[in-house]
Amino acid sequence: MSFQIKIFKGPEILSYIETLADMRLEAFFEYPYLYVGKREDELSYVKSYALSPQGLLIVAFKNEKIAGICSGIPLNFENSPLKPWHKKLEKEGLEIEMLYYGGEIIVKPQFQKQKACFLLMTQFIEAVKEMKFSKIIGITCIRAKDHPLCPPKYFGPESIWEKMGGEKTNIILSSHWSTRQENGSLKKQKNNLAVWIKRLN
């Protein structure tokens, strides 16, 4: 049975924020983010998507179960997750009002390699085009490929951005979060992030 793709905007997203928060915590726990967060923080974070009328949540269903999600929000929205970096991005020559932030694309392990990721990204790009944005911006975590916690045959968000025609810029952002260490401990540390741009026209 093929995937069923549904698009939710603004307040419609509220019904799915708990699912989105849980999927983010699970996905970002793994390499390359190695992020250990709190559910209440994630709920607050993902709720910002529902506060914007142009917030997007695209969900792939299979047999009535959620297989994957893709979310985003206009970069210039007042509650944009990237707001702390707006000034830096503007200094780098990016026009904030023309950018749409691609927050995350997450496909559950049992549904991977079944084209769910491709379907989600295709619908996401088309939805952003319809809202007249000229570019999609995304960020990925920079982590050494030889890191002990990197799984074999790793396929990460960088590969997704490349497949959707994104360009990796020279812009480096940074953020601090509780990060898993190779010895099993946690450490709040600075993590560097790469910036990607997908042009829509």
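The criterion of at least 1 residues that are aliphatic (A, V, I, L, M) and more than 19 Å from the chain's Cα centre (by Cα) is met, among strands (runs of 3 or more DSSP E) falling completely within the stretch 110-201, by 186-199. Being surrounded by fewer than 22 Cβ atoms within 10 Å (Cβ to Cβ), out of contact with any Pro (no Cβ under 8 Å at 6 or more places or on another chain), more than 24 Å from Leu173 (Cβ to Cβ) and not basic (Lys, Arg) holds for only one residue in Asp41, Asp22, and it is Asp22.
Considered as a group, the residues in the stretch 44-69 that are without any contact (Cβ under 8 Å) to a residue 24 or more places away in the chain and over 25 Å from Trp177 (Cα atoms) include one that is surrounded by the most Cβ atoms within 10 Å (Cβ to Cβ), and that residue is Lys65. Close Cβ contacts (under 6 Å, 6 or more residues apart or on different chains) running from residues in the stretch 107-122 that are within 18 Å of Leu25 (Cβ to Cβ) to residues that are assigned to a helix (DSSP H, G or I) comprise Val107/Ala116; Val107/Cys117.
Within the stretch 1-19, count every residue that is aliphatic (A, V, I, L, M), surrounded by fewer than 21 Cβ atoms within 10 Å (Cβ to Cβ) and within 21 Å of Cys117 (Cβ to Cβ).
Within the stretch 1-19, residues that are aliphatic (A, V, I, L, M), surrounded by fewer than 21 Cβ atoms within 10 Å (Cβ to Cβ) and within 21 Å of Cys117 (Cβ to Cβ) number 3.
Within the stretch 58-83, the residues that satisfy the criterion of being within 18 Å of Phe118 (Cβ to Cβ), among the aliphatic types (A, V, I, L, M) and under 16 Å from the mean Cα position of the chain (by Cα) are Ile58, Val59, Ala60, Ala67, Ile69. Among the residues of the stretch 28-49, those identified as among the small types (Gly, Ala, Ser) and at pLDDT below 95 are Ser44, Ser48.
The number of residues in the stretch 67-77 that are among the small types (Gly, Ala, Ser) and either at pLDDT below 95 or in contact with a Gly (Cβ under 7 Å, 6 or more places away or on another chain) (or both) comes to 2. Filtered by the rule that a residue be outside any strand (DSSP E or B), crowded, with 17+ Cβ neighbours inside 10 Å and either of a type in the set (Lys, Arg) or touching a Phe, Trp or Tyr at 6+ places or on another chain (Cβ under 6 Å) (or both), the stretch 91-109 gives a lone residue, Lys108. Name, by its number, the condition in (1) of a type in the set (D, E, K, R); (2) under 27 Å from Gln110 (Cβ atoms); (3) modelled with pLDDT of 95 or more that does not hold for Glu64. Every listed condition holds for Glu64 apart from (3).
The values are calculated or read from the model by the stated rules, or taken from the named source; none is laboratory data. Nothing here was measured: the structure is a model prediction, and the numbers come from that model. Reconstructed Cβ throughout: ideal geometry from the backbone, glycine too, with neighbour counts over all protein chains shown.
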